[in-house]
1. In which sequence would 204, 150, 166, 366 go, from the one with the fewest C-beta neighbours within 10 Å to the one with the most?
2. Which order do the peptides 216-226, 190-200, 107-117 come out in when sorted by mean C-beta neighbours inside 10 angstrom, highest first?
3. Over 24 Å between Cα atoms: which of 119/180; 119/335; 98/274; 131/405 fall into that group?
4. Checking the a/c ratio against 1.5 first, then a/b against b/c, what shape does the Cα gyration tensor give for the range 134-179?
5. With charges only on Cβ, +1 for K and R and -1 for D and E, what is the dipole size of the range 259-336 about its Cα centre, in debye, rounded to 20?
6. Strictly under 4.7 angstrom between C-beta atoms: which cysteines of the chain have no such partner?
7. Could you let me know the centre-to-centre spacing of the range 272-309 and the range 137-183, using Cα atoms, in angstrom?
8. Which of 265, 234, 244 sits farthest toward the positive end of the charge dipole of the range 222-282, with +1 on the Cβ of Lys and Arg and -1 on the Cβ of Asp and Glu?
Amino acid sequence: MRRETELAGQVREWTVDGFHEQLRAEGVTRAFAVYKDGEILLSHPGLRPLQAFLEQSPDFAQHEGVFIGREEGVPALFFAFVHSTRRGLSQGGLRFWKYDSLAAVIEDGLRLSQGMSRKNALAGLWWGGGKGIVTLPSRYGHPSELAQGSPERLRIFEAYGRFGASLGGVYYTAEDVGTKTYDMDAIFSQNRFATCISKELGGSGNPSVYTAIGVFRALQAAWMFLEKTDDLTGVRVAVQGAGNVGRPLIEQLDDAGAEVWVSDVVAGPLEEIKRERPRVHTMLLPQEEADRILGLDVDVIAPCARGAVINERTIPLVKARLICGGANNILSTDKDAEILHQRGIWFVPDFVCNRMGIVNCADEWSGHLDEDVRNAAELVYPATLEVLEAAREQRVTPLEAANAKADAEAARLHPILGHRGRRIIDHLIESGWHS
Ligand code: NAD
């Protein structure tokens, strides 16, 4: 056991660049760790530390496969996390972000990918759960430093498209933090397994406005659960992040008569809000003070920036009765759900309320109708009520109630495809995908 723990520890010590260099030195361009019949199979013996790490990770959740790729001359590593393909081929956003270690990449990917299985299942989509990660080249601090259309950005996402193509459809890409519609277009230029592509190419475009509508409807439903009314007039809401999701959420809240505070770490979006929404209170907070918005004397907190903002350190600051926002993985760990519950703070799990992004893109290959998406957004309201009522009835946290329902749905096999994703993974291994 000690040996396994030591091995797993190496993954924490591997920087992304160090791991990339190791793959390069060994001439490895594709690697995998695949879970089958209770065991993790590796493409290369050098991945033993990764195997130990996965075995010890609370987030592993029997992921069907973790796939890693790189291309000569491209300064980024590619990951596809495939949690479950029982309900269909795996689908989830592609994150383009900077990570301190390989462990941080793997932990983020595993959590997000399992979250996608739950989100897709609860939304009634016939898709499994997966997530992609492209690591930001280490000389950059933020993905926005690589401008749209820059040759380097294009090269990275086209290469990711070839990596996705090689996976034979077991993972379908969508937009996520750090990626934009034009990155999906670059991927789509290399494979047919991309969604959230631009309208010009027959896709559904940026889904964020729909995501915000879903979060707004969830917030109303939760208020109905707590206060027997979904009229938000005078309700005090603090929104963290004025980006693609935060911004349209603020507008809906303001239109509904709520009193809104919004924070961001950059001034630009706040300046616009000040001009266009004079009733909204704006707070420009540097990253090290970003948590201040969470401690405001308000009724609701809506995290719409980053994950893990609700954690052991920030929960004691919270005065709100309700947390409901668009960010993925708002809680740092599942234990936080219990701490919130004990403190009488209700939490709407993010995969219940922020589903509309994926709902908008998921089925775009079968034609896009705005009307479908608007109708689907309305379902977020009853879904939220159902989760909160089940939690109250069963005396469990809303997260436990939502996980139980989502996991039961995610375990159902696709009525036509069956467990096709599993067969694709088996085929990849048998046909020497990694060699
Ligand atoms: P975005 O990048 O457009 O906006 C995020 C905003 O938050 C930016 O303005 C950024 O400056 C700000 N920010 C970053 N750190 C902050 C901090 N500590 N405090 C305050 N502001 C901070 O991203 P987005 O598309 O709006 O997504 C926001 C969250 O919602 C992410 O967690 C994303 O995974 C999740 N999400 C988005 C969608 C979608 O449709 N866009 C769907 C589902 C989930």
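1. Working: 204 23, 150 11, 166 18, 366 8.
Arranged by neighbour count, lowest to highest, 204, 150, 166, 366 become 366, 150, 166, 204.
2. On the way: 216-226: 23.2, 190-200: 19.5, 107-117: 25.2.
Ranked by mean Cβ neighbours within 10 Å, highest first: 107-117, 216-226, 190-200.
3. Values: 119/180 21 Å; 119/335 20 Å; 98/274 31 Å; 131/405 21 Å.
Exceeds cut-off: 98/274.
4. Working: a/c = 2.27, a/b = 1.86, b/c = 1.22.
The shape class here is prolate.
5. On the way: 10 positive and 13 negative charges, 28 e Å.
Dipole of the range 259-336, to the nearest 20 debye: 140 debye.
6. Among the cysteines of the chain, those whose Cβ sits 4.7 Å or more from every other are 304, 324, 353.
7. Rounded to whole Å, the Cα centres lie 29 Å apart.
8. Projecting each Cα onto the dipole axis, the largest value belongs to 265.
Values in this text are rule-based calculations from the coordinates and carry no lab data. Since this is a predicted model, take the numbers as computed values, not measurements. All Cβ positions, even for glycine, are placed from backbone atoms using ideal geometry, and neighbour counts span all protein chains on display.
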